[in-house]
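The values are calculated or read from the model by the stated rules, or taken from the named source; none is laboratory data. Predicted model, so just to flag it, every value in this text is computed and none were measured. Here the Cβ positions follow ideal geometry from the backbone for every residue, glycine too, while neighbour counts run over all protein chains shown. Calculation scope for accessible area: heavy atoms of the full protein, side chains included, ligands and nucleic acids excluded. Shrake-Rupley method; radii C 1.70, N 1.55, O 1.52, S 1.80 Å.
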Amino acid sequence: MLNLFEKSDLIPAIIQDANTNEVVMLGYMNEASLKLTLETGRTWFYSRSRQQLWNKGETSGHFQNVKSIYYDCDADTLLIKAEQIGNACHTGEFSCFHNKLYESGE
(Lines give C-alpha, C1' and ligand atoms only; values in the text may rest on other atoms or scores of the structure.)
Protein backbone atom coordinates (compact mmCIF):
# COMPACT_ATOMS: atom_id res chain seq x y z
CA MET A 1 0.00 0.00 0.00
CA LEU A 2 1.12 3.51 -0.72
CA ASN A 3 3.04 4.97 2.21
CA LEU A 4 0.85 7.96 3.03
CA PHE A 5 2.63 8.48 6.33
CA GLU A 6 6.14 8.87 4.96
CA LYS A 7 6.31 12.61 5.77
CA SER A 8 4.30 12.62 9.00
CA ASP A 9 2.61 10.26 11.45
CA LEU A 10 -0.59 12.30 11.06
CA ILE A 11 -2.16 13.49 7.82
CA PRO A 12 -5.19 15.73 7.26
CA ALA A 13 -8.39 14.07 6.10
CA ILE A 14 -10.97 16.31 4.47
CA ILE A 15 -14.47 14.88 4.77
CA GLN A 16 -16.89 15.76 2.00
CA ASP A 17 -20.58 14.87 1.92
CA ALA A 18 -20.96 12.28 -0.85
CA ASN A 19 -24.37 13.60 -1.91
CA THR A 20 -23.79 17.38 -1.95
CA ASN A 21 -19.96 17.61 -2.15
CA GLU A 22 -20.08 20.05 0.79
CA VAL A 23 -16.96 19.92 2.95
CA VAL A 24 -18.22 18.96 6.39
CA MET A 25 -15.05 18.63 8.47
CA LEU A 26 -11.32 18.13 8.66
CA GLY A 27 -9.74 15.54 10.92
CA TYR A 28 -6.36 13.90 11.26
CA MET A 29 -5.57 10.27 10.60
CA ASN A 30 -2.68 8.02 11.47
CA GLU A 31 -2.05 4.57 10.04
CA ALA A 32 -4.23 2.88 12.68
CA SER A 33 -7.23 5.16 12.11
CA LEU A 34 -6.99 4.78 8.34
CA LYS A 35 -6.84 1.01 8.74
CA LEU A 36 -9.95 1.06 10.96
CA THR A 37 -11.72 3.33 8.47
CA LEU A 38 -10.99 0.88 5.64
CA GLU A 39 -12.02 -2.12 7.75
CA THR A 40 -15.26 -0.68 9.15
CA GLY A 41 -16.44 1.61 6.35
CA ARG A 42 -16.85 4.44 8.88
CA THR A 43 -14.44 7.26 9.63
CA TRP A 44 -11.90 6.96 12.43
CA PHE A 45 -9.52 9.75 13.37
CA TYR A 46 -6.65 10.42 15.71
CA SER A 47 -7.42 13.06 18.32
CA ARG A 48 -4.43 15.34 18.76
CA SER A 49 -5.81 16.74 22.02
CA ARG A 50 -6.70 13.41 23.64
CA GLN A 51 -3.88 11.47 21.97
CA GLN A 52 -6.18 8.59 21.04
CA LEU A 53 -8.25 7.12 18.24
CA TRP A 54 -11.90 8.12 17.93
CA ASN A 55 -14.74 6.94 15.76
CA LYS A 56 -16.79 9.82 14.35
CA GLY A 57 -20.33 9.36 15.62
CA GLU A 58 -19.49 6.95 18.42
CA THR A 59 -21.06 9.18 21.07
CA SER A 60 -23.36 11.37 18.94
CA GLY A 61 -24.68 8.76 16.51
CA HIS A 62 -23.66 11.09 13.65
CA PHE A 63 -21.58 8.55 11.76
CA GLN A 64 -19.86 8.99 8.42
CA ASN A 65 -20.30 6.03 6.08
CA VAL A 66 -17.35 6.08 3.70
CA LYS A 67 -18.11 5.97 -0.02
CA SER A 68 -14.63 6.70 -1.42
CA ILE A 69 -11.15 7.76 -0.36
CA TYR A 70 -8.73 9.72 -2.54
CA TYR A 71 -5.25 10.99 -1.80
CA ASP A 72 -3.63 14.12 -3.21
CA CYS A 73 -0.73 14.41 -5.65
CA ASP A 74 1.81 14.65 -2.80
CA ALA A 75 0.28 11.65 -1.00
CA ASP A 76 0.01 13.61 2.24
CA THR A 77 -3.70 14.51 2.44
CA LEU A 78 -6.87 12.44 2.15
CA LEU A 79 -10.22 13.38 0.67
CA ILE A 80 -12.97 11.15 1.99
CA LYS A 81 -16.43 11.23 0.49
CA ALA A 82 -18.94 9.94 3.01
CA GLU A 83 -22.62 9.74 3.71
CA GLN A 84 -22.99 12.08 6.68
CA ILE A 85 -25.57 10.83 9.19
CA GLY A 86 -26.81 13.82 11.18
CA ASN A 87 -24.51 16.78 11.75
CA ALA A 88 -20.76 16.64 11.34
CA CYS A 89 -19.99 19.51 13.70
CA HIS A 90 -20.03 19.19 17.48
CA THR A 91 -21.82 22.60 17.60
CA GLY A 92 -24.90 21.09 15.98
CA GLU A 93 -24.21 22.52 12.51
CA PHE A 94 -24.16 20.16 9.54
CA SER A 95 -20.69 21.35 8.50
CA CYS A 96 -17.83 22.51 10.68
CA PHE A 97 -17.24 25.22 8.07
CA HIS A 98 -20.16 27.50 8.91
CA ASN A 99 -18.19 30.56 10.12
CA LYS A 100 -17.59 32.97 7.24
CA LEU A 101 -14.33 34.93 7.35
CA TYR A 102 -14.48 36.54 3.91
CA GLU A 103 -16.53 36.53 0.72
CA SER A 104 -15.76 38.45 -2.45
CA GLY A 105 -18.37 40.92 -3.62
CA GLU A 106 -18.31 39.43 -7.12
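A few points about this structure:
- Basic side chains Lys and Arg get +1 at the Cβ, acidic Asp and Glu get -1 at the Cβ, and with that the dipole of the chain about its Cα centre reaches some 340 debye.
- Estimated vicinal HN-Hα couplings, Hz - segment 6-17 in sequence order (Karplus 6.51, -1.76, 1.60; Gly, Pro = x): 5, 8, 7, 6, 10, 10, x, 10, 8, 9, 10, 5
- Taking the Cα centre of segment 1-53 as reference, the dipole from Cβ charges on Lys and Arg (+1) and Asp and Glu (-1) amounts to some 180 debye.
- Straight-line reach from residue 67: taking Cα to Cα under 23 Å and skipping same-chain neighbours fewer than 8 places apart, the lysines in range are 35, 56, 81.
- To the nearest ten degrees, helix 31-40 and the longest principal axis of the Cα atoms of the chain are 80 degrees apart.
- Solvent-accessible heavy-atom area per residue, rounded to whole Å², over segment 1-57 at 1.4 Å: 58
- Separation in nanometres of the label points that stand 7 Å from Cα toward Cβ, at residue 50 and residue 85: 1.8
- Carbon plus sulfur fraction of accessible area for the chain, probe 1.4 Å, in percent: 49
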